[in-house]
1. What is the one condition in (1) over 14 Å from ASP6 (Cβ atoms); (2) of a type in the set (Phe, Trp, Tyr); (3) modelled with pLDDT of 95 or more that TRP49 does not satisfy?
2. Out of (1) at pLDDT 95 or above; (2) of a type in the set (Val, Ile, Thr); (3) surrounded by fewer than 15 Cβ atoms within 10 Å (Cβ to Cβ); (4) touching a Lys or Arg at 6+ places or on another chain (Cβ under 9 Å), the odd one out for ILE10 is which?
3. Restricting attention to region 22-34, report how many residues are out of contact with any Phe, Trp or Tyr (no Cβ under 7 Å at 6 or more places or on another chain) and surrounded by fewer than 17 Cβ atoms within 10 Å (Cβ to Cβ).
4. Which residues, taken from region 63-82, are part of a strand (DSSP E or B), surrounded by 13 or more Cβ atoms within 10 Å (Cβ to Cβ) and in contact with a Lys or Arg (Cβ under 9 Å, 6 or more places away or on another chain)?
5. Quick check on region 10-19: of everything there that is small (Gly, Ala, Ser) and assigned to a loop (DSSP other than H, G, I, E, B), which residue is nearest to the chain's Cα centre (by Cα)?
6. Quick test of your reading of the structure: ASN40 fulfils all but one of (1) surrounded by fewer than 17 Cβ atoms within 10 Å (Cβ to Cβ); (2) closer than 16 Å to PHE79 by Cβ; (3) at pLDDT 90 or above. Name the failing condition by number.
7. Which of the residues that make up region 20-62 are in a loop (DSSP other than H, G, I, E, B), closer than 21 Å to VAL81 by Cβ and of a type in the set (A, V, I, L, M)?
8. Out of everything in region 71-103 that is within 21 Å of THR38 (Cα to Cα) and hydroxyl-bearing (Ser, Thr, Tyr), what residue ends up being modelled with the highest pLDDT?
Amino acid sequence: MRLSPDGRRIAGEETDSSGLKTDLWVHGTSGDTPIRLTFNPALHQTPIWTPDGKQLLFDLGGTNALYLKHADGTGSEEFVVDLGEVLVNPWDWSRDGKYVLLRKFYKGESQEQNFLP
C-alpha cells in the first residue's frame, strides 16, 4: 500500500476470491467510496504515486512491463516500458518526477535496484 503525496488517498492491491489475480484500488483516508483502477485478469502489483498524485505507476505481475493509470479511475492503462528479460517492481519516484527507482529480479533470486529516467 502507498499513501498519496497529499496524504488523502491510499493505493493498494486487492486479491480476488480465487487468489489468482490482483487489482489496484484507491481508498480515501476519510472513508470515501473506493475506486477500482484495474479490471483485466492479471496480477497488478506495486502501485506508486506520481509526484503530483494524479496517476499510479505499477507492474503487471509476471511480466517485465510497467503501466500508468489515472488515480481517479478514468482512461485506460497506459503502457510505459518493457524491460525485456527482467522482472521489475516500481519502488519509488523522485520528487521532481524525473526518475523511478526500480527493483529488478534476474532469474529467480538475484535482484538489484536501478533508476529509470
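The values are calculated or read from the model by the stated rules, or taken from the named source; none is laboratory data. All values derive from a computational prediction rather than experimental measurement. Here Cβ is always computed from backbone atoms with ideal geometry, including for glycine, and neighbour counts include all displayed protein chains.
1. Evaluating TRP49 over (1) over 14 Å from ASP6 (Cβ atoms); (2) of a type in the set (Phe, Trp, Tyr); (3) modelled with pLDDT of 95 or more leaves (1) as the failure.
2. Unmet for ILE10, out of (1) at pLDDT 95 or above; (2) of a type in the set (Val, Ile, Thr); (3) surrounded by fewer than 15 Cβ atoms within 10 Å (Cβ to Cβ); (4) touching a Lys or Arg at 6+ places or on another chain (Cβ under 9 Å): (3).
3. Residues that pass the stated criteria total 7.
4. Passing the criteria: only HIS70.
5. Of all residues in region 10-19, those small (Gly, Ala, Ser) come to 11-12, 17-19.
If we keep only those that are assigned to a loop (DSSP other than H, G, I, E, B) too, we end up with 17-19.
Working: SER17: 21, SER18: 21, GLY19: 19 Å.
Across region 10-19, the extreme among qualifying residues is GLY19.
6. For ASN40, the exception is condition (3).
7. Quick first cut of region 20-62, residues in a loop (DSSP other than H, G, I, E, B) only: 20-21, 29-34, 37-42, 50-54, 61-62.
Adding the requirement that they be closer than 21 Å to VAL81 by Cβ leaves 37-38, 40, 42, 50-52, 54, 61-62.
Selection gives LEU37, ALA42.
8. If we take residues in region 71-103 being within 21 Å of THR38 (Cα to Cα) and hydroxyl-bearing (Ser, Thr, Tyr), then THR74 is modelled with the highest pLDDT.
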